[in-house]
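Colleague: Following this message is one structure expressed as structure tokens.
Derivation of every value follows stated rules applied to the coordinates shown; laboratory data play no part. For clarity, every value in this text was computed on a predicted model and none was experimentally measured. A quick note on method: Cβ atoms are made from the backbone with ideal geometry, for glycine too, and the neighbour counts reach across all protein chains shown.
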Amino acid sequence: MKNLLALVLVLGIVGLLFVTNPGMEEFQSFVRTHAAHRVEQELGRGALSDALGGAGAEVLATYVPDITTRRTYLVCSTYAVDLDDDGRPNGRVLGLAGQFLVIEDFSADD
């Protein structure tokens, strides 16, 4: 009986992770937020950083599907973003349970 309960629990957790595996639209939203936050960090808080962060993040998020390679592993996904189209990713992100974790920070340098 304990084995059956453990199996049901494991299958339930795997099923929950499968259902909450974020897709490209959720990743675009994450990029929009992450990019705006990075601009704010670089320029400081203010009207200029808000304007540049918002506009730049919107433009970047629009191109995310074209510059991103998504690999799905059913319960999670990895996203490799190639900003300069040289075939080497500039940053990597793990998507798991509806959340995103930057595993290789974004930079213009490869």
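Colleague: Taking log10 I(q)/I(0) by the Debye sum over Cα atoms at q = 0.09, 0.14, 0.24 Å⁻¹ straight from the coordinates, which label in (i) -0.31, -0.62, -1.28; (ii) -0.45, -0.81, -1.16; (iii) -0.24, -0.57, -1.44 is the correct one?
Modeller: Answer by label: (i).
Colleague: What does the charge dipole of the chain about its Cα centre add up to, to the nearest 20 debye, if the Cβ of each Lys and Arg holds +1 and the Cβ of each Asp and Glu holds -1?
Modeller: It works out to roughly 740 debye.
Colleague: Can you pull the one-decimal nm distance between simple spin-label points at Val8 and Asp82, each 7 Å off the Cα toward Cβ?
Modeller: Result: 4.7 nm between the two label points.
Colleague: Report, in degrees rounded to the nearest 10, the 0 to 90 angle that the Cα long axis of helix 24-43 makes with the longest principal axis of the chain.
Modeller: It works out to around 40 degrees.
Colleague: Could you tell me how many degrees, from 0 to 90 and to the nearest 10, lie between the Cα long axis of helix 2-19 and the main elongation axis, the longest principal axis, of the Cα atoms of the chain?
Modeller: Tilt relative to the chain: about 30 degrees.
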